[in-house]
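To start, the structure under review is shown below, and the notes come after it.
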Amino acid sequence: MKSKNVFMLGLLLSGGLLTSCAQKSQYNNDDFQIKSVQVTNKADLGIMVWEIAVNGEAGSTVPVPAGQLDGAPVLGYVFPTSLPPTDVGFSATEGILALALTSHPDFDDTPLWDENNDSVFDNDGVEWHPHWVVLAQDNRVAGGLSVKQFKKADKTVVLPPTNPGMPMYMDSPGYPVTTQSNSIKVVVPHYRMNNKTDFSYDGVAAFMKVNTSVEDLPMLGVYEVFSVASGDLSLPYTVK
């Protein structure tokens, strides 16, 4: 059964927050027009393969660097799910757990992983890589959603040990991401998500931006949604 948080996504879309974005980016092209989304369970290997296929070339378009963290652009292929945040190591909290595949050349938020295999661990931000995030409704940004934040002093918040050290419900799990032709895929082991193989999901392609200077804006907000697999964010897809 889908949680009440899932239905919040549909309300956001019907309210126009995810379709009538005031701030348009330069990245709305076929590389972010979703054609299909699929999560396939490989029970014999103990993994699931998550895939988004687009009309263009998946992962080919990456952000143009801003030259600083404040205002840094982030592009993402995102799988909103019906899973609770606790299944991937967060403490219980309201919001939508999503697996986001992102690229952002201005910073590296995967300190444990060397995605480009050059023996330098802090220069890989532009490489497509995964994050678990908890999304919350946020009317301050055009996309209507942001990664949920918390105060650094809040000791009740638990993050997975692979988190990047930011005061957000974000993890950098290090799963392998591959792009080939019109498809971007990520492999997730069962044990890294509480062995859950029965859930619903959707697919979203979006433009996000980092904020470190304006107090009344989120640290990482969604500013433009390029496409939604279902068209209405109803999370109609189930694991194959």
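Cut-off is 10 Å between beta-carbons; in what order do Lys209, Lys240 appear when sorted fewest neighbours first?
Ordered by Cβ neighbours within 10 Å, fewest first: Lys240, Lys209.
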Note on the range 150-219: alpha-carbon gyration tensor, axes a ≥ b ≥ c; rule is a/c under 1.5 for rounded, else prolate if a/b larger than b/c, else oblate; result oblate
Estimated inter-spin distance, Leu45 and Asp122, nm [label 7 Å along Cα→Cβ]: 3.4
Using the per-residue mean of other Cβ atoms lying within 10 Å as a proxy for protection, in what order, highest first, do the peptides 85-93, 174-182 fall? 85-93, 174-182
For the chain, calculated [θ]222 nm from helices alone, where every DSSP H run of n ≥ 4 adds -39500 (n - 2.57): -1500 deg cm²/dmol
Using label points projected 7 Å from each Cα along Cα→Cβ, tell me how many nm separate Asp87 and Asp70, to one decimal. 3.9
Looks like the chain, by Cα gyration tensor root eigenvalues a ≥ b ≥ c and the a/c under 1.5 rounded cutoff (else prolate when a/b is bigger than b/c, oblate otherwise), is rounded
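Which length gain, in nm to one decimal place, applies between Leu217 and Asn29 when the Cα-Cα distance is subtracted from 0.36 nm times their residue separation?
Gain in length upon complete extension: 65.0 nm.
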Order of Glu127, Glu94 - criterion: other Cβ atoms within 10 Å of each residue's Cβ, fewest first: Glu94, Glu127
Sorting check: for 227-234, 186-193, 155-162, which peptide has the highest mean count of neighbouring beta carbons within 10 Å, and how do the rest follow? 227-234, 186-193, 155-162
Spin-label model distance (nm) - Asp154 vs Arg140, 7 Å beyond Cα toward Cβ: 1.3
Please tell me which of these pairs span more than 20 angstrom C-alpha to C-alpha: Lys24/Lys152; Lys42/Lys240; Lys24/Lys151; Lys152/Lys196; Lys196/Lys240; Lys42/Lys185? Lys24/Lys152; Lys24/Lys151; Lys152/Lys196
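The numbers here are math on the coordinates, done by the rules we state, and not lab data. Predicted model, so just to flag it, every value in this text is computed and none were measured. Counting neighbours? That spans all protein chains shown, and the Cβs are built from the backbone with ideal geometry, glycine included.
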